[in-house]
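Q: The following block contains the structure, expressed as structure tokens.
The values are calculated or read from the model by the stated rules, or taken from the named source; none is laboratory data. Please read all numbers here as calculations on a predicted model, not as lab measurements. Positions of Cβ are generated from backbone atoms using ideal geometry, with glycine treated the same way; all protein chains shown enter the neighbour counts. Quick note on the areas: whole protein, heavy atoms, side chains included, nothing else; ligands and nucleic acids left out. Shrake-Rupley method; radii C 1.70, N 1.55, O 1.52, S 1.80 Å.
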Amino acid sequence: MTRRLLSLLVLLLICAGPAHGQEAGQIFPGFSTRDLDRLVAGTQAAFHVPGVAVAVIRDGKVVLAKGYGIRKAGDPAPVDSLTQFAIGSNTKAFTTAALSILVHAGKLGWEDPVWEHMPDFALADPYLTRAFIVTDLLTHHSGMEIGAGDLMLFEGSQFTRREVVDRLRYMPFTAPFRLNYAYNNLLYVTAGRLLEEVSGESWERFVQDRIMTPAGMRACTPAPHAPEPGEDRAAGHDVENGAARPVPWDNLPAVAPAGGIECSLDGMTHWARMLLGHGSLDGRVILAPDQVDTLWAPHALLPLPDYAAKTGTHFRAYGLGWFMEDFFGHKRIWHTGTIQNSTSYVSFLPEENMAVVVLTNQDDHHAPYTIATTVSAAALGHRETDWLAYFREDEAASDAARRKRAEDTGPGSRARPFVTLSDSELQAYAGTYHDVWRGDATVTLSPQGLRMRFARSATLAGTLHPLPHDLFLIRWDNDSDDAYVQFHRDMTGKIASISMALLEPDFSFDVQDLDLKRMR
């Protein structure tokens, strides 16, 4: 081998690695790029994540921005700083930031009654309709069930944003007003409609023109389109038999103000720098400083996290589009997002003038939690906890508990065995059922068995498998979480209604709120 070829080989070995970005160096004292590389590689392997993008911002500068892995399983195209990811509920902070611009301009007040700006705004309770103020849309303590209304936003929903907001009047309230915390997307969609009513612009146009463009957020959009070949864009994945599997992109226009933005790591670093700059970026004022303080102030108290003892956390609260807590004695502002089988995590330590952004293309939240928590703790000099091991154990414990429930009381268990029904018995359940907010669901007998399909959805359909006592298990065609379908009889013994419940909790699949009445 010649000396020139040997030198070239050594150079290639030095440059090779799992990431695409800057060379190894210190990120914080005692925490280097190499440490991050190992952390991300271990996280990808543990949770089967094809692609990750990570950025660290400190003192107004991007200390590190790196892409790891690939955009789509089976495709070698690498993740880079301009790869677009779906950021899910990190979109909520853009909606509150957009509203803050209207507040600063005097066109809206945080404590204004919503109905004053949206005369057609209506809730199930007339008192609540009058009492609801703007911040009640944003702080998850309305009294609605967790995830209420999400079936109008996800699962191939064909509802428009206006239709979704119009159906607020039919949503059940299950807790006292402004007391219990219950995460909700529907009210953020309503907040987006409020912005449109006050500004006279679409939510998408306002966010693009007033936030993304002035902040220089490259490869970011509030109105994503279906993926096209060759785009630098991450596909979402789920996990099947221990391997990541790409899933189709879903057009979800109604959900946009609650979770619709897609953005690159480069774009998200501009967003983080602007917020660390108290609303200003590179000499441009995008948000008023006092409004950033309002967004980052606590409005609703939350229970402490499971890891509170490890991080010295004594309080947790929700602001306006942001979670906050004390973290090793420092204030921490953060939010996560999950949509399109992708997850994101944005975390700030304002007193350290530091932020971390994590984007992944798999919907297991343990991966971004592992990376963001490790990096945030390292920034404060805390490396005593192996957060990868912690979240792996958390996932293993959850999986074990799920398996135990399935064995003890799940469908097909001794307590709840599957049964066989004749076609004539199955036919008794067939019909059209109506829910006041979600609309119609039809149950029909087909060669595959009893089938259930929801109107106004491209994908919400599945096969019903009978269990004792008018109970069925529905397995959805689109691999959504299995659910129980309970048929109820009237006093004459005829099927009159349906209620539903998930086998395992998932707040974004709110079948428990349905009250489907059989139409005669």
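Q: Being outside any loop (DSSP other than H, G, I, E, B) and under 25 Å from residue 248 (Cα atoms) is the filter; apply it to region 204-229 and report the residue that is least open to solvent (accessible area, probe 1.4 Å). Outline the logic, then answer.
A: Our first condition is that a residue be outside any loop (DSSP other than H, G, I, E, B); within region 204-229, this holds for 204-212, 220-221.
Subset that is under 25 Å from residue 248 (Cα atoms): 204, 220-221.
Values: 204: 43, 220: 15, 221: 31 Å².
Looking at the filtered set, the residue picked out is 220.
Q: Continuing with the same structure: Please enumerate the residues belonging to region 490-520 that are exposed (fewer than 15 other Cβ atoms within 10 Å of the Cβ), free of Cβ contacts under 8 Å to residues at least 60 places away in the same chain and touching a strand residue (DSSP E or B) at 6+ places or on another chain (Cβ under 6 Å).
A: Residues satisfying the conditions are 490, 501.
Q: May I pose another question? Within region 115-134, can you find the residues that are open to solvent by 20 Å² or more (accessible area, probe 1.4 Å) and in a loop (DSSP other than H, G, I, E, B)?
A: Answer for region 115-134, where residues must be open to solvent by 20 Å² or more (accessible area, probe 1.4 Å) and in a loop (DSSP other than H, G, I, E, B): 119, 120, 122, 124, 125.
Q: Could you please tell me which pairs satisfy a Cβ distance under 6 Å, a separation of 6+ or placement on different chains, a first residue in region 253-278 that is closer than 10 Å to residue 339 by Cβ and open to solvent by 10 Å² or more (accessible area, probe 1.4 Å), and a second residue that is at pLDDT 95 or above and in a helix (DSSP H, G or I)?
A: Hits for this filter: 260/91.
Q: Same structure again: Can you list residue pairs whose Cβ atoms sit under 7 Å apart, with the first residue in region 24-37 being closer than 12 Å to residue 65 by Cα and assigned to a strand (DSSP E or B) and the second being among the β-branched types (Val, Ile, Thr) and open to solvent by less than 10 Å² (accessible area, probe 1.4 Å)? Count only pairs 6 or more apart in sequence or on different chains.
A: Listed by first residue and then by second, the contacts come to 27/33; 27/56.
Q: Looking at region 369-396, which of its residues are in a helix (DSSP H, G or I) and without any contact (Cβ under 8 Å) to a residue 12 or more places away in the chain?
A: Here is the first cut: in region 369-396, the residues in a helix (DSSP H, G or I) are 369-379, 387-396.
Correct list: 389, 393, 396.
Q: Can I ask one more? Take the residues in region 451-489 that are in contact with a Gly (Cβ under 7 Å, 6 or more places away or on another chain) and of a type in the set (Ser, Thr, Tyr); name whichever of them is most open to solvent (accessible area, probe 1.4 Å).
A: 459
Q: Take the residues in region 146-165 that are open to solvent by less than 10 Å² (accessible area, probe 1.4 Å), of a type outside the set (Val, Ile, Thr) and part of a helix (DSSP H, G or I), then tell me which one is nearest to residue 181 (Cα to Cα).
A: By that ranking, first place goes to 150.
Q: Filter region 295-313 for residues that are in contact with a Leu (Cβ under 9 Å, 6 or more places away or on another chain) and buried (at least 17 other Cβ atoms within 10 Å of the Cβ) and give the result.
A: The initial filter retains those residues of region 295-313 that are in contact with a Leu (Cβ under 9 Å, 6 or more places away or on another chain), namely 295-297, 299, 313.
Matches in region 295-313: 295, 296, 299, 313.
Okay, residues lined up against (1) surrounded by fewer than 21 Cβ atoms within 10 Å (Cβ to Cβ); (2) outside any strand (DSSP E or B):
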residue: 338; (1), (2): no, no
residue: 346; (1), (2): no, no
residue: 351; (1), (2): yes, yes
residue: 356; (1), (2): no, no
residue: 367; (1), (2): no, yes
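Q: In addition: Please identify the pairs in which a residue from region 349-365 that is farther than 29 Å from residue 278 by Cβ has its Cβ atom under 8 Å from the Cβ atom of a residue that is open to solvent by 50 Å² or more (accessible area, probe 1.4 Å) and not in a strand (DSSP E or B), counting only partners at least 6 apart or on another chain.
A: Matching pairs, first to second residue: 362/48; 364/48.
Q: Restrict the check to region 443-453 and report whether at least one residue is within 29 Å of the chain's Cα centre (by Cα) and among the small types (Gly, Ala, Ser).
A: No, region 443-453 has no match at all.
Q: Here is a follow-up. Give all pairs with beta carbons closer than 6 Å in which a residue from region 139-161 that is within 15 Å of residue 480 (Cα to Cα) meets a residue that is open to solvent by less than 10 Å² (accessible area, probe 1.4 Å) and acidic (Asp, Glu); count only pairs at least 6 apart in sequence or on separate chains.
A: These pairs meet every condition: 150/510; 151/510.
Q: Taking region 38-78, which residues are among the charged types (D, E, K, R), under 21 Å from residue 363 (Cα atoms) and buried (at least 18 other Cβ atoms within 10 Å of the Cβ)?
A: Those that are among the charged types (D, E, K, R), under 21 Å from residue 363 (Cα atoms) and buried (at least 18 other Cβ atoms within 10 Å of the Cβ): 66, 71, 72.
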